[in-house]
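Please read the structure below before turning to the comments.
Read the figures in this text as sums done on the coordinates, not as results from a lab. Here the structure is a predicted model, which means the values were calculated and not measured. Cβ placement follows ideal geometry from the backbone for every residue including glycine, while neighbour counts extend to all protein chains displayed.
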Amino acid sequence: MFETQPRRREKALLIGVERDGVTKWDLRESMEELAELASSAGAEVVGTVTQRLGHPTAPYYIGRGKVEEVEAKCREDSVTSIIFDDELSPAQGRNLERMTSRKVLDRTQLILDIFAQRARSKEGRLQIELAQLQYLLPRLTGMWNHLSRQSGGIGTRGPGETQLEVDRRRVQERIGRLSDELSEVRKHRSIQRAGRLRHRWPVVSLVGYTNAGKSTLLNLLTGAEVEAADKLFATLDPTTRQLVLPNNQKVLLTDTVGFIKKLPHTVIESFKATLEEVREADLLIHVVDMSHPGFLDQMHAVDSVLEELDAHGKQTLVVFNKIDLVQDRGEPQLRRVPGSVAVSATTGFGVDQMLQELENRLSSWRLRAAYRIPVNESALLAEIHKIGHVLEIRYEGDIACVRAHVPPELQAKLSACMVPDAIGGA
């Protein structure tokens, strides 16, 4: 019997550019995160190269002299992969591979590779394949450049272009099929959400930066037993569990994929079927790793993704996690965000206070109210749908009669439109 040899880890060299408007601190933090991503993907990081540039160069992203320096370092350290912190154009990727004779990836490819490794459900695999194909499509041209480098003459004109068009058409057809399948997933999720509405239980989504501890918190609160590892993007597939608060109110608690700075747009688009759970939630719990020195930047990154998902502005409870890893019980962080709480999802410290605060925030959802709103107040109606919980809506001429649960801040805005709750009975 032959012993199976362990698979050799790829040796990766990381490349970053300090552009105008990017501080050295921002670059260092981004490169540290890129190293974590590379390790999560299974690579061994052997070095980092950075360059100060006003703006990226068209041929190589970095300067030609720096490319030669990178090529020498690759030979010296037996590097197999070069990973850029920013997204490369198809031409830049081809030029760099030709100059260095190494595999060249950018942050987007790296994240997609990690997602492909971690996706477990059929839905997750569909979403990742769609994102990968959308990324691949504009880069197909470079895969057929080897034909143009042949000697020319009879038999060498045309086949490359023909095969390229065939591949492009196949990729486009596959993207179309995947999009159709994911549309069916969205319909299925809509039916599931409609079933939840019949129970009239508030839906709460856990959001936060990757590795902030959302899955650990879900496990602690509900016994969900989802994977919760100390690595980036440990959880991709959403998990929903029932949570009973101290006052016996039932809540549906959903864990979602973690966010990250520079999260590729293709990933957000492909995962919208999953991330709709965030947009449709009644309340968000924003889990923050308070032990991370850049936690404020991470919070801003999460807010940016929520804005892109049209979920920004929802009632949100900020939960600072990993209090067991900081001094002063996290008091400086708590002062920054009034109404926030600090917990340790690992030890359970502070969870009782968090549940009490969640109960207080959700108290408004047990109280319904009725409103008569002119239909030309479309922005107001849209806001009720976005951050409220509409139970019933009907129209009387140019008046929309709405019965809904809404958070306190929206109740104040709607006070002039409130009427006795007689719409549709009790």
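Note on the stretch 11-114: with charges restricted to the Cβ of Lys and Arg (+1) and Asp and Glu (-1), its dipole about the Cα centre is near 420 debye. Annotation: amide H of Asn321 within the under-5 Å range of Val288, Asp289, Met290, Val343, sequence separation 5 or more or interchain, hydrogens built in the peptide plane.
If the limit is 24 Å between Cα atoms, which of Lys261/Lys322; Lys11/Lys322; Lys24/Lys262 go over it? Please report the intermediate quantities before stating the final value.
Values: Lys261/Lys322 20 Å; Lys11/Lys322 32 Å; Lys24/Lys262 17 Å.
Check vs 24 Å cut-off fails for Lys11/Lys322.
Whole-Hz Karplus values for the stretch 240-245 come out as 10, 9, 7, 10, 9, 6 Hz, taken residue by residue from phi with 6.51 cos²θ - 1.76 cosθ + 1.60 and θ = phi - 60°; glycine and proline positions read x.
Within the straight-line cut-off of under 15 Å between alpha carbons, the aspartates and glutamates reachable from Lys187 are Glu123, Glu276, Glu277, Glu280, sequence neighbours fewer than 8 places apart in one chain being disregarded.
For the stretch 246-401, give me the percentage of DSSP beta bridges that are antiparallel, rounded to the nearest 5 percent. Percent antiparallel among DSSP bridges in the stretch 246-401 is about 45.
For the stretch 200-364, count all C-alpha to C-alpha pairs, find those more than 29 Å apart, and express that count as a whole percent of the total. Please report the intermediate quantities before stating the final value.
Numbers: 1416 of 13530 pairs.
Taking all Cα-Cα pairs of the stretch 200-364, the fraction more than 29 Å apart is 10 percent.
For Thr239, the residues whose modelled amide H falls within less than 5 Å of its own, excluding neighbours fewer than 5 places apart on the same chain, are Asp255.
Annotation: amide H of Glu44 within the under-5 Å range of Glu10, Lys11, Ala12, sequence separation 5 or more or interchain, hydrogens built in the peptide plane. Work out the P(r) tail for the stretch 367-419: percent of alpha carbon pairs separated by more than 12 Å, whole number. Summing the P(r) of the stretch 367-419 above 12 Å gives 59 percent of all pairs. Net length available on complete extension from Ser39 to Asp328 is 100.9 nm, with 0.36 nm assigned per residue and the Cα-Cα distance removed. Evaluate E = 1/(1 + (r/R0)^6) for Lys103 and Glu359, where r is the Cβ-Cβ distance and R0 equals 51 Å; express this FRET efficiency to the nearest 0.05. For R0 = 51 Å, the calculated efficiency reads 0.45.
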